[in-house]
Amino acid sequence: MAMQVSRERSKTVHHIGIDLAKRKHSASVVGGDGERILRGFEFANDAEGFASLLEKLASVGAGCDDSGVCLEATGHYGRNLIAFLEGHGYEVFEVNPLLTSNGRKATSVRKVKNDAIDAEALALWLLAGNPTRRRRSKSESDDLRSLARSRTSLSHIVGDCKRRAHAILDVVFPEFHGFFADDFGKSASAVLRRWGSAEALAKARVDSVEKAIRSGGGRRFTRADAERLKELARSSVGQPSAPLSFQLRQLLDQIEFTRSQMKELDAELEKLVGDSPITTVPGVGIVCAAGILGEIGDVSRFEDASKMLAFAGCDPSVFESGEFVGAQARMSKRGSPFLRWYLWLAADRARMYDPALRAYYEKKRAEGKCHKVAVSAVVRKLCNIIFAVLRDDRPYACPVN
């Protein structure tokens, strides 16, 4: 495969490297024999700048028929430029920034780095036939990735608000913890919003407390439960604080609002995921499915599951020198942290619902592995399953014991 790609690139006369940035980009062009044709041409990240790039490339004879473009996979900064170049017939390749960084450092002992050097390094990287992947038009997967990451960000906001709210409860009403299944569920939030501290709740009427609990959907709670909550408030060691109660109400409002946004996002993610067979894998819900699909894009760009595992940074690191071989192979964590997180969440659920993965998890635990290490082992198994399901575009068939 590598030789085939190298031969294809050998037909390219002009190798274009583009270093991306937020406001402007820098381009360099290297010929088929390594000669510097254009170095450090800067152009703005707008329509006028893109047009000037085409004019500059045309002036040195770097047309779309005999040129390849190489740039680093640096998120959204190059998305519009890539679409523009592909629209004008150029073939665009992407490369992991870690690879080009190490390659550039290997060419000189001097610590030199600027946009022109980076752009030329990318052009030379393409000329040498080093590892890249052909850029496919993938606006849909880019959008899916953006939405999935936004959903993850919202869940982190909820988690942060809960931690801050818990810190306030530890002061104003520590006994409240554990009375409800969820300290910030609808029923619990209804009580906290209305009274905000143990002192205020202790003075409330029992029927008012019962009504507040039921307004949040706590149908199973009785008057006796409301009386028990009031008794906890009366005997609480919590100290009343109007500012803290005010802050608690704001945090509860933020949690409710963010949860409503997450619900809307989940519905949108479900539309984008559609009937993808990845949702048939145990443990892979809509959110994890959207995150995984958004991060990996087109699964055909991976030769096998091990490549996808390495892209997630879940592959074992290797430490060998001479006759020494490292005893512990830790996770490399050199790939996409988002994909790694989605796979880990999915694996933690899959080991409960898939018989084969559950048996594998229990085997690792029996070997003395801790929970996190055992789940990390399940991640590797799950990655093989996901790769096969997406590659074959077929639903997952759970193995029968």
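Given a cut-off of under 8 Å on Cα pairs at least six residues apart, what relative contact order in percent is computed for segment 125-228?
Averaging sequence separation for qualifying contacts and normalising by length gives 18 percent for segment 125-228.
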Check: Among Thr279, Thr74, which comes first, second and so on when ranked by fewest other beta-carbon atoms within 10 Å?
Finding: Thr74, Thr279
Notebook entry, point to check: Ordered by residue, what ³J(HN,Hα) values in Hz, to whole numbers, does segment 223-235 give under the Karplus form 6.51 cos²θ - 1.76 cosθ + 1.60, where θ = phi - 60° and Gly and Pro are x?
Noted result: 4, 4, 5, 5, 5, 5, 5, 5, 5, 4, 5, 5, 9
Next item on the list: Could I have the simple spin-label model distance between Asp142 and Asp393, label points 7 Å from Cα toward Cβ, reported in nm to one decimal?
Entry: 2.4
Checklist line | With 5 Å bins from 0: P(r) over segment 142-270, alpha-carbon pairs, percent | finding: 2, 11, 20, 21, 17, 12, 8, 6, 3, 2, 0
Check: Can you list the HN-Hα couplings for segment 216-222, worked out from phi with the Karplus curve (6.51, -1.76, 1.60; θ = phi - 60°), rounded to whole Hz and with x for Gly and Pro?
Finding: x, x, x, 5, 7, 7, 10
Next item on the list: Compute the FRET efficiency between Ala21 and Asp304 as 1/(1 + (r/R0)^6), taking r as their Cβ-Cβ distance and R0 = 30 Å, and round to the nearest 0.05.
Entry: 0.30
Next item on the list: Could you tally the net charge around Arg39, taking each other residue with its Cβ under 14 Å from the Cβ of Arg39, Lys/Arg +1 and Asp/Glu -1?
Entry: -4
Next item on the list: Using the number of other C-beta atoms within 10 angstrom as an exposure proxy, rank Ile386, Ile286 with the fewest first.
Entry: Ile286, Ile386
Check: Once phi is turned into θ = phi - 60°, what whole-Hz ³J(HN,Hα) does the Karplus curve with 6.51, -1.76 and 1.60 give for every residue of segment 169-177, x standing for Gly and Pro?
Finding: 4, 4, 9, 8, 6, x, 6, 5, 4
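When you count, for each residue, the other Cβ atoms within 10 Å and take the mean per peptide, how do 155-161, 65-71 rank with the highest first? Don't skip to the end; give the middle numbers.
Numbers: 155-161: 15.3, 65-71: 21.7.
Most protected by this proxy first, the peptides run 65-71, 155-161.
How much length is gained if the chain between Ala181 and Glu264 is pulled fully straight, taking 0.36 nm per residue apart and subtracting their Cα-Cα distance, in nm to one decimal? Intermediate values should be presented prior to the final figure.
Numbers: separation 83, 0.36 × 83 = 29.88 nm, distance 2.43 nm.
Value of the extension gain: 27.4 nm.
Every number here is computed from the coordinates shown, using simple stated rules; none is lab data. Since we're looking at a predicted model, the values are computed, not measured. So basically every Cβ, Gly included, is an ideal-geometry build from the backbone, and we count neighbours across all protein chains shown.
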